Amino acid sequence: MSPPATGTRLHTLFDTWLVRDPQRVLLRCADGDVTIAALGAMVDVLQAELRADGVGPGDRVLIIAENCPAHVALILAISRLGAWSCGVNARMAPGELAAFLAKADARVAYFTSGVSAAAAAHAERHHPRSSVLPDLQRSAARPEAVAETGVLAAQVAAIIFTSGTTGTPKGVLMTHDGVTHFARVSAQSRALGPDDRVYAYLPMTHIFGLGTVLMASLHAGASLVMRSQFDPDDLLQSLATQGVTQLQGPPTLFARLLAHLEQQGRSRVDAPHLRYLYTGAGPLDLALKRRIEAAFGQPLQHGYGLSEYAGSTALTRRGEWREDTAAGFVVDGAELRVVDPATGGTLPAGERGEIWMRGRGLMPGYFRDPEATAAVMREGGWYASGDLGEWAPDGAIRVVGRLKEMIIRSGFNVYPGEVEAALNAWPAIARSAVVGRPEGDGNEEVLAFVELRHGAVLDEAALRAHLRDALAPYKRPARVQVMAELPMTASGKILKRALLRGLDA
């Protein structure tokens, strides 16, 4: 059976399979399988419930969620109505959720209370009503919410919230065309098909889980081994016995998985059916990459994307072993440039600059925030990512850090990723985060925070001898702080702002 052609709406990908093969198992959950037909029935009743609450084209529906079939059904029902789904990870703090609620101006909010204690706690603060699906609760409908009209109302499928480096929430507008186009690109890049089983713990409130995992699987007809959160024991058991063929996650997921293996005295992962292994949504260092490849016995694929683009703009080639951490080659529909951030002039291969992008997946802007949109858009429709990168000799893009995270030390540029790579190469260190702290006169000190491998003890004198061999003097950390666990976002990114706040506390 050939997969359906890419549609122009999120629900089109699902509805095509609903007609073609309704009895196919789509979601393989811990408490049972869900067929396409069963999910379709859930979509139907939610569509009616949403319509009864006044939800229509251009409205926003906030979903405070952890992964479950009801969350998938909500995304599809909202799409059918021409409204916009706005996913928020249920593990956000109440204050963060309040900011997203205010930004979204949602008609109604849903909570996946049946699978998430965090979502249930949020629901209790909003006087919940029951839903037609037992795993869901919902807020009162807001008649004062203002629906979007015009071109945006028809184009936009979802809002992904990001707090970026400022801590102020921004709503990234994701278009139907951008997300469904990347669903095809992603599926083709990994030869995803109906016989595949994708381990799906990545939050669908993030573009990684929504686009790369859910929508690509709907495009290809693959099934999802769906979990509401990451559990290393469940992942290892699913890889060994549940026929999982594809696994994706941020580097921090793999670091946690390797640490769990070490605690069990194991060095290899039993994954007899796995044929595609991928990491993205965060910086990857070579030491971690090599450890992952050794544990799985296959190449770790990599890519480059961000919330403001519906999926990845670059991907490595399936099956290719690379000896670097390049994020691969520009995908169909995307364009990348490496520029001098001061002038916008294009830089040659090997020179580091800011990565600019444009293409089919680029957001049309931030929701009701023209100033934030104008701050990142450049002439010609280019988006200034704030990421620093360079072109490798073979045409792959290398991402080396964030422009705003670059540290100025003794008049030189220090890239945290380079220092982190040197730290992570030390056997006792599982992962690290490097930040700069102002010292005055435009100078910054380099600070390192490290999380140790299981059972390891840090010999700081030996570490500093290693760093003397690996780094120029101005790049070496003034301080190395051992932490039990580095703070992370729900999508697996290290919260560097929180590290600095901890120092000042």
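Readers should treat all values here as calculations from the given coordinates under stated rules, not as data from a laboratory. Nothing here was measured: the structure is a model prediction, and the numbers come from that model. A quick note on method: Cβ atoms are made from the backbone with ideal geometry, for glycine too, and the neighbour counts reach across all protein chains shown.
Annotations for the structure displayed:
- Listed by chain and number, the lysines whose alpha-carbon sits under 25 Å from that of Lys475, ignoring those within fewer than 8 places in the same chain, are Lys289, Lys404, Lys493, Lys496.
- Inter-part distance, segment 243-263 to segment 64-94, computed on C-alpha centroids, equals 25 Å.
- Ellipticity estimate at 222 nm from DSSP helix runs (n ≥ 4, -39,500 (n - 2.57)) divided over the chain, nearest 500: -9000 deg cm²/dmol
- Dipole magnitude of segment 124-264 about its Cα centre (Cβ charges: Lys, Arg +1; Asp, Glu -1), debye to nearest 20: 260
- Counted charge near Arg227, where neighbours are those whose Cβ lies closer than 13 Å (Asp, Glu -1; Lys, Arg +1): -3
- Cα-centred dipole magnitude for segment 230-402, charges only on beta-carbon of K, R (+1) and D, E (-1), debye, nearest 20: 300
- A protection proxy built from the mean count of other Cβ atoms within 10 Å ranks the segments 135-148, 246-259, most packed first, as 246-259, 135-148.
- By other beta-carbon atoms within 10 Å, ranking Cys86, Cys29 with the fewest at the front produces Cys29, Cys86.
- Order of Thr8, Thr241, Thr175, Thr16 - criterion: other Cβ atoms within 10 Å of each residue's Cβ, fewest first: Thr241, Thr8, Thr16, Thr175
- FRET efficiency, 1/(1 + (r/R0)^6) with R0 30 Å, evaluated for Glu96 and Asp270 via beta carbons: 0.20
- Residues whose placed amide H lies under 5 Å from that of Leu81, excluding near-sequence neighbours: none
- In terms of packing, defined here as the mean over residues of other Cβ atoms within 10 angstrom, the peptides 59-72, 468-481 line up highest first as 59-72, 468-481.
- With θ taken as phi - 60° and the Karplus curve 6.51 cos²θ - 1.76 cosθ + 1.60 applied, the whole-hertz 3J(HN,Hα) list for segment 231-245 is 9, x, 5, 5, 4, 5, 5, 5, 5, 7, 10, 9, x, 5, 10 Hz, x standing for glycine and proline.
- Footprinting exposure proxy for Met174, Met363, Met488 (fewest neighbouring C-beta atoms within 10 Å first): Met488, Met363, Met174
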